[in-house]
Amino acid sequence: MGRAFEYRKARKLKRWGNMSRTFTRIGKEITIAAKAGGPDPDTNPRLRALMQNAKAANMPKDTVERAIKKATDKDAGDYKEITYEGYGPFGIAIFVEAATDNNTRTVANVRSYFTKHGGSLGTQGSLSFLFDHKSVFKIKPKEGVSLEDLELELIDYGVDELEHDDDEIVLYGAFEENSNIQKYLEDNGFEIISSEFERIPNDLKDVTPEQRETINKLLDKLEEDEDVQNVFHNMREDDSDTEE
């Protein structure tokens, strides 16, 4: 199996484990997408994809509708998507994605988490060489279409890795090819379960159990912040991190 697939499998259960945080994260993404491209999913591909993510996460329909409505609410905060990059203890690279209506508050919080837990916040772009920014689609297999044929077809649309995961197919492609991949899948009748962006580390760092415990304290603080959407790192996960 490919590097991207193995990394994503290792962190999937932990990331989706907290349902309320998942709803908050998807809700913000929906609001941002609706504000940028309009509230109609028929004419807004990104919103359409995020509504599929909400469905996959069993997010209530009225919660989705509230998130869309918030995009046109004059009293609602204007969320901006911002990234922060830094190093945790023992040289672990950490990439933080946030959606915030107050960058001053968010950057102060993120910096304090790094500082208090033995890390340091760096400048934007300082870790870009350590992570590949990927579009990740989960789709249902289509009768009569083999994985090999699908992979050959999708290469022209930016997909560079494809894996079969249980009864789903996981596609990986370049971040900038997201809309091309989505259009191909929709035009050819594939059922899209979810569509996300992932930052896949180029190289994973091994740590001792004691070091992992220290690093996880920082990662947990970042994950718990209400402005933080995603946290990516290059620490190799161990088996206990993926157990239910």
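In this structure, does Ala71 turn out to be without any contact (Cβ under 8 Å) to a residue 60 or more places away in the chain and in contact with a Pro (Cβ under 7 Å, 6 or more places away or on another chain)? Yes: the conditions hold for Ala71.
The set of residues in the range 157-177 that are in contact (Cβ under 8 Å) with a residue 40 or more places away in the chain and either crowded, with 21+ Cβ neighbours inside 10 Å or in contact with a helix residue (DSSP H, G or I) (Cβ under 7 Å, 6 or more places away or on another chain) (or both) comprises Glu161, Glu163, Val170, Tyr172. At least 3 residues being at pLDDT 85 or above and open to solvent by 20 Å² or more (accessible area, probe 1.4 Å) is the threshold, and among the helices (runs of 4 or more DSSP H) wholly inside the range 1-58 those reaching it are 19-37, 45-56.
Matching residues to (1) modelled with pLDDT of 95 or more; (2) part of a loop (DSSP other than H, G, I, E, B); (3) out of contact with any strand residue (DSSP E or B) (no Cβ under 8 Å at 6 or more places or on another chain):
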| site | (1), (2), (3) |
| --- | --- |
| Asp203 | no, yes, yes |
| Gln211 | yes, no, yes |
| Ile215 | yes, no, no |
| Leu222 | yes, no, no |
| Glu226 | no, yes, yes |
| Glu237 | no, yes, yes |
| Asp241 | no, no, yes |
| Glu244 | no, yes, yes |
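Are any residues in the range 154-175 of a type in the set (Val, Ile, Thr) and assigned to a strand (DSSP E or B), and if so, which ones? Steps first, answer last, please.
Start the filter on the range 154-175 by keeping residues that are of a type in the set (Val, Ile, Thr), which leaves 155, 159, 169-170.
Answer for the range 154-175, where residues must be of a type in the set (Val, Ile, Thr) and assigned to a strand (DSSP E or B): Val159, Ile169, Val170.
Does Ile92 qualify as being among the aliphatic types (A, V, I, L, M), touching a residue at least 12 places away in the same chain (Cβ under 8 Å) and more than 23 Å from Val207 (Cβ to Cβ)?
no
Gln182 meets the conditions (1) open to solvent by less than 20 Å² (accessible area, probe 1.4 Å); (2) farther than 30 Å from Thr106 by Cβ in every case but one. The failed one is (2).
Scanning the range 39-76 for residues that are small (Gly, Ala, Ser) and under 23 Å from Glu191 (Cα atoms) gives Ala49, Ala54, Ala56, Ala57.
Among the residues of the range 52-108, those that are in contact with a strand residue (DSSP E or B) (Cβ under 7 Å, 6 or more places away or on another chain), over 19 Å from Glu224 (Cβ atoms) and of a type in the set (A, V, I, L, M) comprise Ala56, Ala93.
Just the residues that are of a type outside the set (A, V, I, L, M, F, W, C) and in contact (Cβ under 8 Å) with a residue 40 or more places away in the chain, please, taken from the range 103-115. Can you show your working first?
Taking the range 103-115 as the starting set, the residues that turn out to be of a type outside the set (A, V, I, L, M, F, W, C) are 103-106, 109, 111-113, 115.
Correct list: Arg105, Thr106, Asn109, Tyr113.
The values are calculated or read from the model by the stated rules, or taken from the named source; none is laboratory data. A quick note: this is a predicted structure, and the numbers were derived from the prediction, not measured. Neighbour counts are summed over all protein chains in view; Cβ atoms, including those assigned to glycine, are modelled from backbone coordinates with ideal geometry. Accessible surface areas use protein heavy atoms only, side chains included; no ligands, DNA or RNA. Shrake-Rupley method; radii C 1.70, N 1.55, O 1.52, S 1.80 Å.
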